[in-house]
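Data first, discussion second: the structure below is written as structure tokens.
The values are calculated or read from the model by the stated rules, or taken from the named source; none is laboratory data. What you are looking at is a predicted structure, and each value in this text was computed from that prediction instead of being measured. Cβ placement follows ideal geometry from the backbone for every residue including glycine, while neighbour counts extend to all protein chains displayed.
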Amino acid sequence: RRRVVRRRERPCSGARDLASLPSEHMATAAQRLLPLFMTLLTAQGVHAGMRTAALLAATVGVHAGTAHSNFAGSSRHTEHPTKPAVAWTIAGSDAGGGAGIQADLHAFGSLGVHGCSVITALTAQNSVEVRRVEFSSEEMLKATLGALRDDLPARAIKLGMLGSKEVIEVVVDFLKGYTGLVICDPVMVTTSGTKLLDDAATGLLMDSVFCECALITPNLLEAEALLRRPLRTPTAVE
């Protein structure tokens with residue numbers, strides 16, 4: 001808990017803020033896309049990460065028709081009447097299709113946003129358990145990020161499972177040159193209880209990744225791990 005308070009007292013210079021988005025865009029997003037997001041939010045069986053992806057898509061979906069680069073040093077901004085807004089998911093691949101990039105891309109598409117993916121890890125899992133995880137190499141991550149940046153610049157980026165210190169370092173280095181909206185679903189523990197982030201990587205996640213994000217959406221188990229205390233009652237959560 002003390003760690004979180006200290007971060008608030010010393011805000012990161014690279015932190016994104018939802019309030020920095022044009023007010024007319026936010027108002028249009030709320031009017032046109034919020035009902036769809038609320039449907040996902042209340043639907044039974046919808047993975048929490050998919051809800052986060054839907055929130056991000058609802059925020060940027062109103063920019064459909066405009067190609068715009070949010071990378072430092074770029075002035076790219078051209079009109080494409082039929083081209084949807086682009087959002088990226090930087091996350092793990094879920095073999096079962098219930099979470100990870102598969103769920104994110106589904107959420108993006110359902111809200112009219114073109115989704116691109118940067119795969120941080122391959123997981124051998126189903127709806128019951130995670131059996132094996134293999135992380136992407138740093139070289140492959142950098143190549144994928146660069147390829148997308150040069151052709152399909154993101155209106156917004158959703159972070160999911162990062163998993164290792166090496167992956168986090170690559171992602172943070174990339175985000176330093178990005179000025180758009182970043183939302184993080186800090187995948188640390190699966191619903192079945194499998195730990196997907198070690199202690200060293202958790203510290204780096206809090207100290208580096210969160211500084212680049214406008215919003216963080218942990219589930220209950222992840223919130224407990226971040227705060228290092230149980231959250232079993234409404235009072236504790238507050």
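A few remarks follow.
- Ser208 in contact with an Asp or Glu (Cβ under 7 Å, 6 or more places away or on another chain) and in contact (Cβ under 8 Å) with a residue 40 or more places away in the chain: no
- Test: residue in the stretch 106-113 that is polar (S, T, N, Q) and closer than 16 Å to Leu196 by Cβ: no
- Among the conditions (1) in contact (Cβ under 8 Å) with a residue 40 or more places away in the chain; (2) hydroxyl-bearing (Ser, Thr, Tyr); (3) touching a helix residue (DSSP H, G or I) at 6+ places or on another chain (Cβ under 8 Å), Thr179 misses just one, which is (3).
- Residue match in the stretch 80-89 (condition: at pLDDT below 90 and either of a type in the set (Val, Ile, Thr) or within 23 Å of Thr191 (Cβ to Cβ) (or both)): yes
- All positions within the stretch 180-210 that are in a strand (DSSP E or B) and closer than 13 Å to Ile157 by Cα: Leu181, Val182, Ile183, Cys184
- The single condition from (1) more than 15 Å from Val86 (Cα to Cα); (2) assigned to a helix (DSSP H, G or I); (3) not charged (D, E, K, R) that Ala147 fails is (1).
- Count of residues meeting criterion [more than 21 Å from Ala57 (Cα to Cα) and either of a type in the set (Gly, Ala, Ser) or buried (at least 19 other Cβ atoms within 10 Å of the Cβ) (or both)] in the stretch 145-171: 7
- Arg228, sole failed condition from (1) in contact (Cβ under 8 Å) with a residue 24 or more places away in the chain; (2) within 25 Å of Leu122 (Cα to Cα): (2)
- Number of the exception - Gly177 against (1) crowded, with 20+ Cβ neighbours inside 10 Å; (2) over 22 Å from Ala223 (Cα atoms); (3) in contact with a Lys or Arg (Cβ under 9 Å, 6 or more places away or on another chain); (4) modelled with pLDDT under 95: (1)
- Candidates Ala143, Ala147, Ala124, filtered to the one that is modelled with pLDDT under 95 and out of contact with any helix residue (DSSP H, G or I) (no Cβ under 6 Å at 6 or more places or on another chain): Ala124
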